[in-house]
Amino acid sequence: MRFAPVRDDEVATAKTFEPYVDARTKVISLSHVTFHAGQVHDLTSIGTLCKERGIYLIVDAMQSVGVIPLDVKALNISVLAAGTHKGLLVPQGLGVLYIADGLDELQPAYLAMSSMANPPSDYVARPDDMAVRKDALRFEFGNVNLPDVHALSAAIRLIQSISVAAIQRHVQSLGDLLLEHLDTLGVSVVGPRARSGRNHIYTLALPVEKWAAFFEHKGVRVSPERGGIRVSLAMFNTVGDIERLVDVIRAGLQADSVALSR
């Protein structure tokens, strides 16, 4: 296994991985959007590299599915996995897995009724017929979280009624507004600023130890990350939310200024 280093303000492209690829390389794996800095990596060029070299592309879409349009076939994605409790609006406890057609080389480590090609009607496995399904269900090996499945169905209908592209435009516009205000306040972000490299996750370069408690005291839900305070925007956020967040940050900076002057 080789690790390709990527800075928090950098977007990974095919050129990021090319120096680490040789004749023995089987897989390139990465997150589409990082959870800690929010950069959106260039799956188009990376997918092209994988196709040219006969390499599988495995994508963690936890932070992007439901918020950024994704065409697994156009991007040459071999495997895509994501939980449903972010952009798909479902409580924790359910995940989705895509496996490209024809990727028969990848086989499950465990077998269950739902993963078998010919599940026995009496639920008793027979050694003469242990063939697995050809589709992604060959990796299903437990009971399904049925309440979340029903919630996911409703969430998908809601998202489709709006469209993922419209959701992306909405959160990017909110991000534009947030960055504009942060510039006025003199607060920088850890990740990329260009629209092509960001989408809906912004990590503010503010000291975690002090600011996490301050936001909690003010009733603002954020996430402490290694580079600062993470703000994640979603389809239900509004301009008013951004204005309130900025007011809280301004109050914190003013409190700092008063404390220092003393």
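Selection within segment 28-41: residues that are assigned to a strand (DSSP E or B) and surrounded by fewer than 20 Cβ atoms within 10 Å (Cβ to Cβ). The member of this set that is farthest from the chain's Cα centre (by Cα) is S29. Number of residues in segment 141-168 that are over 30 Å from A109 (Cβ atoms) and outside any helix (DSSP H, G or I): the value is 1. From the list T44, T48, T25, T16, the lone residue that is surrounded by 19 or more Cβ atoms within 10 Å (Cβ to Cβ) and among the hydroxyl-bearing types (S, T, Y) is T16. Is it the case, given these coordinates, that V171 is assigned to a helix (DSSP H, G or I) and outside the structural domain of A37 (by TED's automatic domain parsing)? It is true that V171 is assigned to a helix (DSSP H, G or I) and outside the structural domain of A37 (by TED's automatic domain parsing).
Residues in segment 186-206 that are polar (S, T, N, Q) and touching a strand residue (DSSP E or B) at 6+ places or on another chain (Cβ under 7 Å): 2 in all.
Touching a residue at least 40 places away in the same chain (Cβ under 8 Å) and either more than 23 Å from V149 (Cα to Cα) or not assigned by TED's automatic domain parsing to the domain that holds D60 (or both): which single residue out of L89, L97, L75, L103 fits that description? Answer to the selection: L103.
Number of residues in segment 216-246 that are surrounded by fewer than 19 Cβ atoms within 10 Å (Cβ to Cβ) and part of a strand (DSSP E or B) equals 2.
Of the residues making up segment 198-215, those that are buried (at least 17 other Cβ atoms within 10 Å of the Cβ), of a type outside the set (A, V, I, L, M, F, W, C) and not in a loop (DSSP other than H, G, I, E, B) are Y202, T203.
A single entry from D60, D101 fulfils the requirement of being surrounded by 13 or more Cβ atoms within 10 Å (Cβ to Cβ), out of contact with any Gly (no Cβ under 6 Å at 6 or more places or on another chain) and under 23 Å from S31 (Cα atoms): D60.
The values are calculated or read from the model by the stated rules, or taken from the named source; none is laboratory data. Since the model is a prediction, treat every value here as computed from it, not as a measurement. FYI the Cβ positions are ideal-geometry reconstructions off the backbone, even for glycines, and counts take in every protein chain you see.
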